[in-house]
Each structure stands twice: as structure tokens, then as C-alpha cells.
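Student: This is the structure I have questions about; it appears just below.
The values are calculated or read from the model by the stated rules, or taken from the named source; none is laboratory data. These figures come from a predicted structure and were not determined experimentally. With ideal geometry, Cβ positions are generated from the backbone for all residues, glycine too; neighbour counts draw on all protein chains shown. Quick note on the areas: whole protein, heavy atoms, side chains included, nothing else; ligands and nucleic acids left out. Shrake-Rupley method; radii C 1.70, N 1.55, O 1.52, S 1.80 Å.
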Amino acid sequence: MKDHPQTKPARMGGRAARRAARAAKLAEHLRPIRPGMAGGTLRPLTAPQMARIHAAALELLETVGLADAPPSGITALTGAGAVLGTDGRLRFPAALIEDTIASANRAITLHGRDPSQDLQLGGTRVHYGTAGAAVHMVDHDGRNYRESTLQDLHDAARIADTLDNIHFVQRPMVPRDIPDPFEMDINTLYACVSGTTKHIGTSFTEAANVGPALELLHLVAGGEEAWRARPFVSNSNCFVVPPLKFATESCLVMEACIRGGIPVLLLSAGQAGATAPASIAGAIVQATAECLAGLVYVNAVKPGHPAIFGTWPFVSDLRTGAMSGGSGEQALLTAGCAQMHAFYDLRGGAAAGIADSKLPDMQAGWEQMCSNVMAGLSGLNMVYEAAGMHASLLGFCHESLILGDDLIGQALRCVRGIEVTEDTVSVEVIREVCLSGPGHYLGTDQTLGLMQTDYVYPALGDRSSPKEWQELGRPELLVKATARKLAILAERAPARLAAEVDAAIRARLPIHLPA
């Protein structure tokens, strides 16, 4: 074999080049991962199985229907073709469902306050973000849970604003330090809007709170017309109480949001074995039926209004009845729901990334990764609750949110898949290395070229050797996450509102966060 005296220096130079390349900010089109990458390669349901689920959903809607719609909902739905029975249940003819599916809005953009953060929903484009209604903050250092506060929520939005792989910020926790429902709704919205320029999702406890919330949003947007042109907040709406009952107050909230130009997430969140059938297929059927009814409702109020098909069933641990969001069954449920969204060619969302573990530990890692990867591979448009959630949605952790950014980066790399082209099969590269090169691929043009565009590197995950790890002081993952959290929160929030806008909001509404 020929001697190659330059091999060692080339390798050292290659290492320096790799480090410099990783430190440089890539142009968006060159990044190996980015929002809206196409999934859909994972298909746990066959085409006949999806058709059977659809038929079952139609049968339930036509023969069982939904109860407890508010009078305004009954008027809108019967006007669209639903039938009100003597038992008070609204039933939906199959033709009405099919016509609604055919005419539903498929050109949905979830806007950010910053246009560069816009999410174009369509096909199997995948986006990951936060969500939930946790009532506790996880203090990992003290191994403790405490009630979540408004400041915790604002800090979560600020942290998420800096994380490349968190594409949207739906409210992940409830500010338990604000007992008044109106003030909680307004301050939840303010804490998120002033913390991030990404798309935001939030909820309202009653319809009367939507008007003041819109007043806030108009001030931030620069007027009602500007808001309606680019609505950067959507309403997460639990419009049903499974099984197959409308949530009366939430439906009134939904109607108010539709009138105000707020996109709606139609959220059906039955729990398999409790408020949904224990079978995975049955849970998907019920959620699909409920969301189809919701889709009719939205389009009866305003045809073409943007609505996300939020089949969001959860899993029970049937030994105890407790929720089990970190289970393999949950991952399958979410993947199956994503397939049904694609079956209808509707823009949809579901839950993944939930940990039953109380702390950001190894259990949390496998639970979060399993469902996040399967959700992405199945082509779920909006992966909610993808980072930070613990204790089966009861707890939220800032450090886990930061670590979730790394985890989702790896999940997105799986979503991207394997490109097979004349260049990537690498016949000429292999030939050159083996016949006239050094016998390895370190420092080749292909290796250096793909290092940035095809490989994803963790921001905090440790890949050092044991020797290097010891020389670095044996760094701990959670300690590094805490340090990054503190560094983010030490800076002024880039998403903070202009002083005059903030002052106008505070003059009109009871804002609790300090100015």
C-alpha cells in the first residue's frame, strides 16, 4: 500500500473544519432539517383499514350523533343538513360529511408574528411544538413539583422562541397564580405573545373572554385588518366531551373565535379505556367521528374557516386507569390519526412527545422519542406536546423543553429519510478512495460537503469520548440545559412588544407580568 504522509494532518484539519462548519449558521435551504419536512413513510394502517375506520365514523355520526350542542350550534348545524332528534342528539347524514370534507379549507397557513415563522400546512408536512395544560412545574434539581405560574409560562415561550426545532408555541401550562378565569385567559395570551414571534395556540374559558383577547391581538397586529390578514394565534378548542357530546361552552368559544378570524384546532381528546374505546382502532374511530362533526360545525358557521383536524386520543394504563402518554400504544394512536388526516387530505394535529416519567430522565427520553419519531414518520402536520411535558401532562419542565429541541432534531432527521441519487450511492467516491485514495473517507469533498447539509448535531447531547468527557469535567446533561435556560432568560426577549403597544395593552387589560 502506498504511504500517504499527509493523512494525519489532513485528519486534524478535517476535525477543525468540521468544528468550524458546525458553528456556522447555515442558510435555511441548506439546513439538514427544518419546519415542514415531509413525512408519511410510516403507515401502520392499510388502505382498507382506513376505509373501514371512515365507514365506522360515518355510521356513528348518522345513527348515534352528538348531544349537547348549544342553541346557536343547533341552528347552524341543522341549517347545514344535520338532523335534530327527539332525544336532543344531532345526527349527520353521510352526504353532509362527505360534502364538508370535499369543501374544507386545505390551504392553511398558521402565521407567526414574524413572517419567517409561518407554518405552511399541507400534505404530510411535519411541525413540532408545545401544548398542554400542565398545572405543575418540574424542579428537576430539587426533584420537586410546584404549581406553575404566569412567569413560568412566559419563560417557556421565551425559551421556545430560541429553539430551532420548536416550530410553534401552544400554551403548555396553566398559570395557577391567577385564579380569575378572565384574567388567566388574557394573561396566558399576553405571556405567550410577548415571549415568542412563532405561531401561538391558546384556549379561552368562556366566549365572553374572546372579545378582549381580540382587542389585545388587534393592538399587537396593528389593527383588526392586519390581524385578519395574518392571524398569529389559534384557538385550541376542546369542542367535545367524549364520548360523542359537544362541550357547550367550548362550542360558544369556538363560534366567537370564528367570528373574530381566529383559526381553530378541533380537539377531541378521549382516553382509551375510559372516555374512548380501549381498542386503538376504536379510539381512532371515535376521535375521527367527533372531529368530522366539528368540521361540519365550523363550516356551518363560516364556510372555509381554517380548522385543524385535531384527533387527539390518549391511552390509559388499563391496570390503573391512569393516563399513559409515553406508551407505545400512544405512539400508534397518534400515527394512525395522522394517517386518517392524510386519508381525508385534511390538515391535522395530534399529541406526541409526552413523558409519563416525572423527571427528564432515561424513561422520559425513550417515551418522548418513540412517539415523536412515529408522529413525524407518519406525516402528522402538527405534533403537539412534543417537548417539556412530564407526569402524563401534569408537569412541565423548562430543561426538558431545551433537551426536547435536541431530541426533535434527531426525529426530524428520521423524517427526512434517505435520499438515493446517483451522487449519494457514491460509486465514484468509493472507487476513488479504494483505488487511488487513502483508504478512508475523512476529508473527502463528499464528506465535507455533507457534513453540514445531511447530518444533525445535538446542541447539548454529549458525544465526547470517556477521556474527553473527564477532561471537560464530566459535564451533566441537565446541568448544561439549566445553564442554557439561564443564559436565554438573562437576555432581553427578542419577541417583546414595542413599548407603545405594551402600554396600550396595559391601559386596557389587567396584565400581571411586570413591564
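Student: Is it the case that some residue within segment 74-90 is touching a residue at least 24 places away in the same chain (Cβ under 8 Å), in a helix (DSSP H, G or I) and open to solvent by 40 Å² or more (accessible area, probe 1.4 Å)?
Tutor: Checked segment 74-90: at least one residue is touching a residue at least 24 places away in the same chain (Cβ under 8 Å), in a helix (DSSP H, G or I) and open to solvent by 40 Å² or more (accessible area, probe 1.4 Å).
Student: In segment 177-191, how many residues are without any contact (Cβ under 8 Å) to a residue 40 or more places away in the chain and either crowded, with 22+ Cβ neighbours inside 10 Å or among the hydrophobic types (A, V, I, L, M, F, W, C) (or both)?
Tutor: Residues flagged as without any contact (Cβ under 8 Å) to a residue 40 or more places away in the chain and either crowded, with 22+ Cβ neighbours inside 10 Å or among the hydrophobic types (A, V, I, L, M, F, W, C) (or both) within segment 177-191 amount to 4.
Student: Which residue out of Leu497, Leu450 is more than 20 Å from Asp361 (Cα to Cα), out of contact with any helix residue (DSSP H, G or I) (no Cβ under 9 Å at 6 or more places or on another chain) and surrounded by 13 or more Cβ atoms within 10 Å (Cβ to Cβ)?
Tutor: Only one candidate passes the filter, namely Leu450.
Student: Just checking, how many residues over segment 456-472 are open to solvent by 100 Å² or more (accessible area, probe 1.4 Å) and in a loop (DSSP other than H, G, I, E, B)? Break it down stepwise before answering.
Tutor: Start the filter on segment 456-472 by keeping residues that are open to solvent by 100 Å² or more (accessible area, probe 1.4 Å), which leaves 463, 467, 470-472.
Right, trim to in a loop (DSSP other than H, G, I, E, B) and you get 463, 472.
Residues meeting the conditions: 2.
Student: Please verify whether segment 207-214 includes one or more residues that are open to solvent by less than 40 Å² (accessible area, probe 1.4 Å) and in a loop (DSSP other than H, G, I, E, B).
Tutor: Applying the first criterion (open to solvent by less than 40 Å² (accessible area, probe 1.4 Å)) to segment 207-214 yields 207, 209-210, 212-214.
Imposing the further condition that a residue be in a loop (DSSP other than H, G, I, E, B) reduces the set to none.
No, there is no match, as no residue in segment 207-214 is open to solvent by less than 40 Å² (accessible area, probe 1.4 Å) and in a loop (DSSP other than H, G, I, E, B).
Student: Looking at Ala490, is it open to solvent by 70 Å² or more (accessible area, probe 1.4 Å), modelled with pLDDT of 95 or more and out of contact with any Asp or Glu (no Cβ under 6 Å at 6 or more places or on another chain)? Before you say what the answer is, go through the steps one by one.
Tutor: Working: open to solvent by 70 Å² or more (accessible area, probe 1.4 Å): yes; modelled with pLDDT of 95 or more: yes; out of contact with any Asp or Glu (no Cβ under 6 Å at 6 or more places or on another chain): yes.
So Ala490 passes the test.
Student: Give me the residue from segment 154-176 that is within 22 Å of Ala504 (Cα to Cα) and within 17 Å of the chain's Cα centre (by Cα) and, out of that set, least open to solvent (accessible area, probe 1.4 Å).
Tutor: Initially, segment 154-176 is screened for residues within 22 Å of Ala504 (Cα to Cα), giving 154, 157-158.
Next, from what is left, pick out any that are within 17 Å of the chain's Cα centre (by Cα): 157-158.
Values: Ala157: 1, Arg158: 34 Å².
Residue satisfying both the conditions and the ranking: Ala157.
Student: Filtering segment 91-115 down to residues that are over 30 Å from Pro494 (Cβ atoms) and in a loop (DSSP other than H, G, I, E, B), which residue is farthest from the chain's Cα centre (by Cα)? Walk me through it before giving the result.
Tutor: So the first thing to find is which residues in segment 91-115 are over 30 Å from Pro494 (Cβ atoms), and the list is 91-106.
Narrowing the set further to residues that are in a loop (DSSP other than H, G, I, E, B) leaves 92-93, 104-106.
Values: Phe92: 30, Pro93: 32, Ala104: 22, Asn105: 20, Arg106: 18 Å.
Ranking the qualifying residues of segment 91-115, first place goes to Pro93.
Student: From the list Arg347, Arg416, which residue is over 27 Å from Ala322 (Cβ atoms), touching a residue at least 12 places away in the same chain (Cβ under 8 Å) and crowded, with 22+ Cβ neighbours inside 10 Å? Before you say what the answer is, go through the steps one by one.
Tutor: Working: Arg416 fails: crowded, with 22+ Cβ neighbours inside 10 Å.
Selected residue: Arg347, the only one of Arg347, Arg416 that is over 27 Å from Ala322 (Cβ atoms), touching a residue at least 12 places away in the same chain (Cβ under 8 Å) and crowded, with 22+ Cβ neighbours inside 10 Å.
Student: Which pairs turn up if I take residues in segment 134-146 that are open to solvent by 60 Å² or more (accessible area, probe 1.4 Å) and look for partners that are of a type in the set (A, V, I, L, M) and in a strand (DSSP E or B) with beta carbon separation below 6 Å, at least 6 apart in sequence or on another chain?
Tutor: Arg146/Met137
Student: Would you be able to say whether some residue in segment 123-140 is farther than 27 Å from Leu377 by Cα, at pLDDT below 95 and assigned to a loop (DSSP other than H, G, I, E, B)?
Tutor: yes
Student: Same structure again: Give the number of residues within segment 276-312 that are open to solvent by 10 Å² or more (accessible area, probe 1.4 Å), of a type outside the set (A, V, I, L, M, F, W, C) and assigned to a helix (DSSP H, G or I).
Tutor: Of the residues in segment 276-312, 3 are open to solvent by 10 Å² or more (accessible area, probe 1.4 Å), of a type outside the set (A, V, I, L, M, F, W, C) and assigned to a helix (DSSP H, G or I).
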